Amino acid sequence: MNASLPKITIAILFSVLITIFEPFILEKFYTPQKFNSNIEIKTNLPMTVYINGINKGNSPEEVNNIAPGNNQISLYYSGERVFNKDILTEVSSPKTFIQWTTSTNKKSYGYIIYYKKSATSQEIVNLSSDINSSFVLDNTNTFYGESLLKILQPGLHKVSINSNSINIAYINFQIVKGYNTYIQII
């Protein structure tokens, strides 16, 4: 019996397997990843939503498969732009959430929650406000000023934002492992 026959058989078998599975391997390693970033917009006022200058309809609105990178989000109320911000979206990042609420004194406020990959092994929440306010974090700690940076454990947390003794927003938010959480009051 020829000693090279098993080697030839293995080579042919290997060649057949490569021919069969090559398209799957190429698709897996060389096909660009599909976008799967999401932005959810909820308002209690009728607002028109624009993403990168394209009208996406009226709120509430959830827009899926947002391109990674900076995306310009604009909200219009009665024809007037009340929100305009470039928001960084990352592939596979948690959902970006925009909430718009009406407060007292005929002023309206909104907040945005978005995520960026953490460069460290600790997850940080970055709370910031365009107005002077106080933050009550997890019903225990009160912080004053226009911003707060705090390391938190992954899981569900809550923050209450107050200005001039008026509660502007009460926000439940998620700290996701591997991501920093950004909450901005606008």
Task: Phi to ³J(HN,Hα) by Karplus 6.51 cos²θ - 1.76 cosθ + 1.60 over the range 74-85, Hz, x for Gly, Pro - done: 10, 10, 10, 10, 6, x, 9, 6, 10, 8, 8, 8
Task: Residues with amide H under 5 Å from that of ALA169, placed H, sequence gap 5 or more - done: ILE161
- [ ] Determine, from the Cβ-Cβ distance of LYS42 and LEU13 and an R0 of 45 Å, the FRET efficiency 1/(1 + (r/R0)^6), rounded to the nearest 0.05.
- [x] 0.20
Open item on the list: Give the aspartates and glutamates whose C-alpha is closer than 20 Å to that of LYS158, dropping any in the same chain fewer than 8 places away, or say none.
Closed with: GLU40, GLU123, ASP130, ASP138, GLU146
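No value in this document is a laboratory result; all are computed from the given coordinates. Treat the numbers as computed from the prediction; the structure is a model and nothing was measured. A quick note on method: Cβ atoms are made from the backbone with ideal geometry, for glycine too, and the neighbour counts reach across all protein chains shown.
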